[in-house]
Amino acid sequence: MLQKIRSFSITMWIFIGMIIGITAGFIIGEPAGNVSFIGTIWIRMMKISLAPIVLVMIAKSIGEQQNGKKIGFVAVGILIYYTFTTFLASIIGIIVASLTKVGVGFSGLDTNSEANFEATEMSIESFGLSLMPDNLLKPLVETTMLQVLVIGVIMGAAILALPDNKVRNSILNGLNCLQSLLNGMLKISMCFAPIGVACSMAALIGVHGGDILGSIAGFIGTMTLGLILQFVCVYAMVVLIFAKENPFTFLVRMLPSMMIALTTSSSLLVVPSNLAVCRKYKIDEEISNFTIPLGAVFNLDGAAVFFPCVILFAAQASGIEFSLGTLLYMAIMGTVIASSGGGIVGGSLVKCMVLCELFSVPSSIITLITSVYIILDALITVCNASGDVAGTLMIGRIVQRRKLNVKQ
């Protein structure tokens, strides 16, 4: 019996921790909120190595390329995939929110209140400036992942351009050693995952109780439907048609990543698990080490479903009707803003504030959504993680078939 317990996978221990946490939250009640700091400590422990490991993986995956055409094909292909699936996610969010009329009849929204949140100005100039940091270390310290990604690409290109193979190999060997160290730190952090998850869930249930969904249960149901449709209609089809793999097998192999996504609500924290899924599919690590970290920052399909659901909820509750052209504009803006960087907990909520201001709906909706955002963010992250692996699997299989055709 003891031997069987010891053989449990980390996923099983995380699941056990979640069940224990939920049970303890119901039994203990509000005092369980006092242990939330333990979950916070675990999350911070995980975050220590995340920005550096993304930087190293991106730089190394580009610098190791022996064939510049290959990385160019992978980069263009995965960016097209990420952009297109994010746009489809926005469309799905608009459709489900429009059909379910999720906000009609809701009277808990203060439609007369002024905006309570400061909107961030979105322009080509501000977005361009946000891409480039003014020093090397600041993005790592502040976990500004889009800037970390840009630095990683520049470093990788610089390594690739070095004329001296000996120097290039020395740098790559150093990056390999650094990645091993950072992976070791992540493994140590994951050992504490069941404890962190148990404490976080106990605090959540203890403070909010079984009525956490409250009056916006319909909204959560609508958004969940949108995310399921994104998985079934987009990811499963990509896996089946382009990767020629079984979607049900894909779902089973994604379960560990989904569990981590549900309990951490961070696309970055799912990166190691997603890479493990890619290894099960025998995807070239030069590809997955580039596309998975890129997806954690750039591919935020779950957020693209979330944005129109929130905007239309507020609009319907306020009696505002949008034209078809405005809905199309909403899908485009949702795609742009969702792709403007992510991977950190709660990032979608901040971007949603920008869209509320853009479409002139009451920003008081954000206050309402915040009360259950921990649930929403977990569901969003599950969708994001699934999309990253589906895209990587598609690109990986296409590259493998191209290689086979060349040999033949």
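Scanning the range 84-98 for residues that are touching a helix residue (DSSP H, G or I) at 6+ places or on another chain (Cβ under 7 Å), open to solvent by 50 Å² or more (accessible area, probe 1.4 Å) and of a type outside the set (A, V, I, L, M) yields one hit, PHE87. Of all residues in the range 290-325, those that are open to solvent by less than 20 Å² (accessible area, probe 1.4 Å) and farther than 22 Å from VAL234 by Cα total 5.
Is the range 218-239 home to any residue that is open to solvent by less than 30 Å² (accessible area, probe 1.4 Å), touching a helix residue (DSSP H, G or I) at 6+ places or on another chain (Cβ under 6 Å) and outside any helix (DSSP H, G or I)? No, there is no match, as no residue in the range 218-239 is open to solvent by less than 30 Å² (accessible area, probe 1.4 Å), touching a helix residue (DSSP H, G or I) at 6+ places or on another chain (Cβ under 6 Å) and outside any helix (DSSP H, G or I). Residue-level check: of (1) closer than 27 Å to PHE298 by Cβ; (2) over 28 Å from the mean Cα position of the chain (by Cα); (3) open to solvent by 70 Å² or more (accessible area, probe 1.4 Å), GLY174 misses just (3).
Residues are listed down the side, and each one gets a yes or a no for (1) open to solvent by 10 Å² or more (accessible area, probe 1.4 Å); (2) modelled with pLDDT of 75 or more:
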site: CYS352; (1), (2): no, yes
site: TYR373; (1), (2): yes, no
site: LEU379; (1), (2): yes, yes
site: VAL382; (1), (2): yes, yes
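So GLU245 fits all but one of (1) open to solvent by less than 10 Å² (accessible area, probe 1.4 Å); (2) in a loop (DSSP other than H, G, I, E, B); what number is the exception? Answer for GLU245: the failing condition is (1). Where residues in the range 34-61 are among the β-branched types (Val, Ile, Thr) and at pLDDT below 75, which of them is surrounded by the fewest Cβ atoms within 10 Å (Cβ to Cβ)? This residue is ILE43.
Inspect all residues belonging to the range 360-367 and state whether any of them is at pLDDT 85 or above and part of a helix (DSSP H, G or I). No; the residues of the range 360-367 include none that is at pLDDT 85 or above and part of a helix (DSSP H, G or I). Of all residues in the range 189-208, those that are surrounded by 22 or more Cβ atoms within 10 Å (Cβ to Cβ) have Cβ atoms under 7 Å from Cβ atoms of residues that are polar (S, T, N, Q), 6 or more apart or on another chain, in VAL197/THR263; CYS199/SER36; SER200/SER36; ALA203/SER36. Taking the conditions exactly as written (part of a helix (DSSP H, G or I), farther than 30 Å from ALA243 by Cα and either among the acidic types (Asp, Glu) or at pLDDT below 70 (or both)), does PHE117 satisfy them or not? No: the conditions fail for PHE117. Looking at GLY152, is it at pLDDT 80 or above, under 20 Å from the mean Cα position of the chain (by Cα) and open to solvent by less than 40 Å² (accessible area, probe 1.4 Å)? For GLY152, the condition - at pLDDT 80 or above, under 20 Å from the mean Cα position of the chain (by Cα) and open to solvent by less than 40 Å² (accessible area, probe 1.4 Å) - is met.
The values are calculated or read from the model by the stated rules, or taken from the named source; none is laboratory data. Keep in mind it's a predicted model, so treat the numbers as computed, not measured. Don't worry about glycine lacking a Cβ; one is built from the backbone with ideal geometry, like all the others, and counts go over all protein chains shown. These accessible areas exclude ligands, DNA and RNA; they are computed on the full protein's heavy atoms, side chains included. Shrake-Rupley method; radii C 1.70, N 1.55, O 1.52, S 1.80 Å.
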